[in-house]
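Beneath this line is the structure, given in structure tokens, with notes to follow.
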Number of protein chains: 2
Amino acid sequence: MRKQAATRQSDVLDVLNQHDKPMTAYAILDQMKVGEPGLAAPTIYRTLAALTEQGRAHKLESINAFVPCRCAHETSVPVLAICEECLAVEEHDGAQLLPQLTALSQKSAFEPTRHIVEIHGRCQTCAT
Amino acid sequence: MRKQAATRQSDVLDVLNQHDKPMTAYAILDQMKVGEPGLAAPTIYRTLAALTEQGRAHKLESINAFVPCRCAHETSVPVLAICEECLAVEEHDGAQLLPQLTALSQKSAFEPTRHIVEIHGRCQTCAT
DNA sequence: AGAATTTATTTTATAATATAACAAATTTGG
DNA sequence: CCAAATTTGTTATATTATAAAATAAATTCT
């Protein structure tokens, strides 16, 4: 049995939205296998690739996990702050960083296609 | 047979310095196994953890690979530009980004401990 | 509309990355 | 020098990700 990509994508996004913490691809897979036992890893990875490409989800590169995008997705530079204690993620718009990032790239005539900005630390709740 | 951590660290750093592209942990392992066949993955990962903690190497979180630090290592924000075509990495000092990153963290009283900034794109040589 | 072709999706299998748990050696403080 | 603590090494396994083959849907052409 086969599902349309768009359907898969909203299914995966639903799962992400039902959790308030970032999920690994395999955590998503386990969740979705409840209702659809045949499902396997590549389906999840392909779907996540599409979602991140569209800006509807973000990958946290430093912890190999995913969150749904909750910013206006036209943002050129998503900034993801990850609490190392509770793993909560806050998403900020980093558009203001763009001029400086661009300046750095231009130092060596580097042509940027994607900016990755993540902050590790402690969220308000966990910081005593 | 056993080696002091400091010696391991400079051995690993030597290997990183002998290559002009980022190396995965297993690429380093393979290289070092030539002279020391018994060597295993955890030794490499432990050594890399120490080196990155000391700021003598950087992990590229978005590609799971490592480069030696070539900046002044007191830099608070290393910026790593990765060419998606040839994989060359340029290291910049992103100290100038710190005020804005701090401002973003303060929006939600987040206490940052580490900033990760990576740029994907094409280096001067590969960009036509 | 129906067969042929193409494209997209799923499945199976496996590769690449990382760490847990245990064992052995070295160092350190008495 | 001996015992405890620590560091390093080894084995085994967990986690993350993707390649390749198989299958299903969609498209195109007549």
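Worth pointing out:
- Exposure ranking of A:THR128, A:THR24, B:THR113 by accessible area [1.4 Å probe, largest first]: A:THR128, B:THR113, A:THR24
- Note that the protein assembly as shown shows a convex hull volume over its alpha carbon atoms of 176 Å³ per residue.
- Summed buried accessible area for B+A [probe radius 1.4 Å, Å², rounded to 100]: 3200
- Size descriptor, Kirkwood hydrodynamic radius, that averages inverse alpha-carbon separations across chain A, Å: 16.0
- Cβ-vector label at 7 Å, B:ARG114, separations to other copies in nm: 2.1
- Position B:GLU85: other-copy label points at 4.7 nm, ordered by increasing distance, label point 7 Å along Cα→C-beta.
- For B:GLN100, inter-copy separations between label points set 7 Å beyond Cα along the Cβ vector come to 0.6 nm, shortest first.
- Each stretch of four or more DSSP H residues adds -39500 (n - 2.57); spread over every residue of the protein assembly as shown, this sum gives -11500 deg cm²/dmol at 222 nm.
- Surface share of carbon and sulfur [accessible, 1.4 angstrom probe, percent] for the stretch B:1-113: 51
- Counted charge near B:ALA49, where neighbours are those whose Cβ lies closer than 12 Å (Asp, Glu -1; Lys, Arg +1): +3
- Per-residue average of Cβ from other chains inside 10 Å of B:88-97: 3
- Cα point-scatterer Debye curve for the stretch A:78-121, base-10 log of I(q)/I(0) at q = 0.15, 0.18, 0.22, 0.34 Å⁻¹: -0.46, -0.60, -0.75, -1.16
- Long-range Cα-Cα pairs in the stretch B:1-48 (distance over 14 Å), rounded percent: 44
- Taking every DSSP bridge with both residues inside the protein assembly as shown, close to 75 percent are antiparallel.
The values are calculated or read from the model by the stated rules, or taken from the named source; none is laboratory data. Predicted model, so just to flag it, every value in this text is computed and none were measured. Cβ sites come from the backbone with ideal geometry, for glycine too, and all protein chains shown count toward neighbours. Side chains are part of the model used for accessible areas, which takes the heavy atoms of the whole protein and leaves out ligands, DNA and RNA. Shrake-Rupley method; radii C 1.70, N 1.55, O 1.52, S 1.80 Å.
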